[in-house]
Every structure is written in C-alpha cells, then in structure tokens.
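None of the figures in this text is laboratory data; all of them are computed from the coordinates on show. What you are looking at is a predicted structure, and each value in this text was computed from that prediction instead of being measured. Here the Cβ positions follow ideal geometry from the backbone for every residue, glycine too, while neighbour counts run over all protein chains shown.
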Amino acid sequence: MPNILKLDPKPTNRCFGCGAANPAGMKLTFDLDLDARRTRGSFTLGPNYAGGGGFAHGGIIAVILDEAMGKLSRIADEKAVTAEMDIEYRKPVPVDQPILVDGWQEEEKGRNRFRVAEIRDQQGNLLARGKGRFVLVDANHFAAANSPPV
C-alpha cells in the first residue's frame, strides 16, 4: 500500500495557493507520495481562474506549479522558499476540465533544491512545466511573517 500524506489546506494558513484562511485563495490539496517522493494533485480550476481566451491565467499556472514543487519540502521536513522558477507554457490549460499535477525533486546542492512540476490533461498531454530552485531557510523565517503587527 502506498505511503500517501494528504496535504489539505490548513485553516490558519493565508497562502493564496494552499491556505484555507484566504477567502480569495485557491485552497489546493495535494497528495504527498512519500515512497515515490512526489507531489500529486487533481483540480478543476473553474472560471474564476481564467485569463484570455477562457483558459487558465498564466499566473495561476505558476501558482499551481510553485505549490507542487514547494510541498516537496515536507518529505525531508525542511522549510524552503522559491528562489527561481522558469515556466514552459506548452498548451492552454483548461479551467473547466480536470488537470493533473505532478512534482518531484531532481537534485540538491547545499541549501538549494532543484525541482520540477508538470500539469497534464486527463489524456496525459503536457500542458505546462515548471523548473524551480528552492532555498532552505530557518523555520524562524516564517515566524516573523506570521506574527501580529506591533
């Protein structure tokens, strides 16, 4: 039986991509396959995330790819932030049909984690690919951002 960890949106997280506390957020849910060392998700975006031509907005595609790569930090119980991300937009991403997202890590050098994520349609056609460099940070990096203003 696969070792899958469900990454549901957390009620106190305000992240636009994966937080439940952001009313305008996407509230993306991923499965973290600990054996395969991959993140996976299946989403139907809906019309609120459309750009020109009725397909997914490029920025929304970037958010999905970034989230899929970022969640990989959970495998090693690390904290990392996106330092660089390149996106290859191959085909229009539909907002009215399910899309499949898959993310994995290809390499690690010091504090750098080099990751890839892809969006495919139900037929397996590659729609978009992101490649990112994530940098490990101390857990206190996030604590400052979540503390109330003085």
**Prompt:** Does ALA62 fit the bill of being more than 15 Å from the chain's Cα centre (by Cα) and of a type outside the set (D, E, K, R)?
**Reply:** no
**Complete:** Per the list (1) farther than 23 Å from LEU34 by Cβ; (2) surrounded by 15 or more Cβ atoms within 10 Å (Cβ to Cβ), residue check on GLN122 breaks on (2)
**Asked** If you go through region 37-45 one residue at a time, do you hit one that is within 17 Å of THR82 (Cβ to Cβ) and of a type in the set (S, T, N, Q)?
**Response** yes
**Item:** PRO98 surrounded by fewer than 16 Cβ atoms within 10 Å (Cβ to Cβ), more than 11 Å from the chain's Cα centre (by Cα) and not β-branched (Val, Ile, Thr)
**Value:** yes
